[in-house]
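Peer 1: Below you will find the structure I want to go over with you.
Since every read-out is calculated from the coordinates, none of them should be taken as a lab result. Every value quoted in this text rests on a predicted model; they were computed, and no experiment measured them. Cβ atoms come from the backbone with ideal geometry, glycine included; neighbour counts cover every protein chain shown.
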Amino acid sequence: MTAMLALADVRVRYGVVEALKGVSLEVAEGEIVALLGANGAGKTTTLRTISGLLRPFAGSLTFEGGPIDTVAAHEIVALGVGHVPEGRRIFPVMTVLENLQMGAYRRRGDIKADLERVYELFPVLAERRGQNGGTLSGGEQQMLAIGRALMSHPRLLLLDEPSMGLAPLIVAKIFEIIKEIREQGTTVLLVEQNAAQALRLADRGYVLETGSIVMSDAAANLLGDPRVRAAYLGEGVG
């Protein structure tokens with residue numbers, strides 16, 4: 001199985017602090033891959049490095065066989081990588097429609113079909129299309145952030161903590177939509193602190209601790225691993 005995305009021994013620094021210490025991972029086309037870890041483990045740094053917002057000082061990153069280590073962030077979007085950042089980062093004083101249009105800024109031609117796809121996934125956004133993004137609920141803002149990323153027509157979608165701060169019913173809806181996005185042909189790399197839900201959704205998973213990958217396996221195996229259950233699901237070992 002050829003990797004759509006591959007990181008090999010990637011190292012990233014914030015000043016003198018090494019945030020990623022030789023991270024290697026792969027995501028194959030059509031997969032959902034979960035990236036788990038505690039706060040500060042390096043999950044967000046990994047996604048920001050893939051999307052070109054941070055630069056590694058060592059190692060390599062390839063997307064669909066081509067190097068992206070030194071490619072500008074907006075060019076990585078154009079290559080087919082969408083990023084939904086932690087905290088949503090929508091434009092609060094722009095309407096829902098304007099936010100979605102911003103997601104398509106690298107596109108050429110008519111985006112009507114893409115808008116319709118987003119509205120089918122998130123009917124509430126169609127209802128709120130003329131409303132400013134900042135007036136939406138937290139769940140609606142998360143839907144808008146995902147929809148905005150989908151407007152770039154990504155082949156790989158990076159999702160950073162999509163369930164953070166949301167009510168359980170909204171979380172369940174977001175995870176259903178992530179599954180549907182994959183079924184429509186988009187590969188997903190998911191950073192998520194809700195480890196149980198992430199592993200039930202994912203095909204495979206990696207566990208990051210203090211900037212290093214310490215475990216990788218099929219998601220079902222990680223979900224049943226006592227170390228994962230103790231560290232991330234709040235269950236004792238033994």
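Peer 1: Shape call for segment 1-147 from the C-alpha gyration tensor, a ≥ b ≥ c root eigenvalues: rounded (a/c under 1.5), prolate (a/b greater than b/c) or oblate?
Peer 2: prolate
Peer 1: For GLN193 and GLU98, FRET efficiency with R0 = 35 Å and r from the beta-carbon atoms, rounded to 0.05?
Peer 2: That pair, GLU98 with GLN193, gives E of 0.70.
Peer 1: What distance in nm separates the simple spin-label points at THR210 and ALA38, each placed 7 Å from Cα in the Cβ direction?
Peer 2: Once both label points are built, they end up 1.0 nm from each other.
Peer 1: Right, something else. Pull out the extension gain between ARG11 and ARG106, defined as 0.36 nm times the separation in residues minus the alpha carbon to alpha carbon distance; nm, one decimal.
Peer 2: Here the answer is 31.3 nm.
Peer 1: For the residues MET102, MET143, what sequence is obtained by ranking on other C-beta atoms within 10 Å, fewest first?
Peer 2: MET102, MET143
Peer 1: I want to verify a result. In a Gaussian network model of the chain, Cα cutoff 10 Å, which of these has the top mean-square fluctuation: LEU35, LEU199, LEU166?
Peer 2: Looking only at LEU35, LEU199, LEU166, the largest GNM fluctuation is found for LEU166.
Peer 1: Write down, largest first, the equivalent ellipsoid semi-axes of segment 105-238 in whole Å, where each equals the square root of 5 times an eigenvalue of the alpha-carbon gyration tensor.
Peer 2: The answer is 31, 17, 12 Å, longest axis first.
Peer 1: What's the Cα-based Rg to Rh of segment 75-177, Rh via Kirkwood?
Peer 2: My calculation puts Rg/Rh at 0.93.
Peer 1: Go through ILE181, PRO162, SER137 and say which Cα lies farthest out towards the positive end of the charge dipole of segment 129-215; charges sit on Cβ, +1 for Lys and Arg, -1 for Asp and Glu.
Peer 2: It is ILE181, whose Cα lies furthest towards the positive end.
Peer 1: While we're looking at this one, here's another question. Need one word for segment 131-197: rounded, prolate or oblate. Basis is the Cα gyration tensor (sqrt eigenvalues a ≥ b ≥ c); a/c below 1.5 gives rounded, then a/b vs b/c decides.
Peer 2: oblate
Peer 1: Can you sort SER212, SER51 by how many other beta carbons sit within 10 Å, fewest first?
Peer 2: Placing the least packed residue first, the sequence is SER212, SER51.
Peer 1: Could you pull the Rg and Dmax for segment 26-109, using just the Cα atoms, both in Å?
Peer 2: Reported Rg and Dmax, both Å: 14.5, 42.
Peer 1: As a test of the formula, what do you get for the chain when each DSSP H run with n ≥ 4 contributes -39,500 (n - 2.57) and the sum is divided by the residue count, at 222 nm and rounded to the nearest 500 deg cm²/dmol?
Peer 2: -10000 deg cm²/dmol
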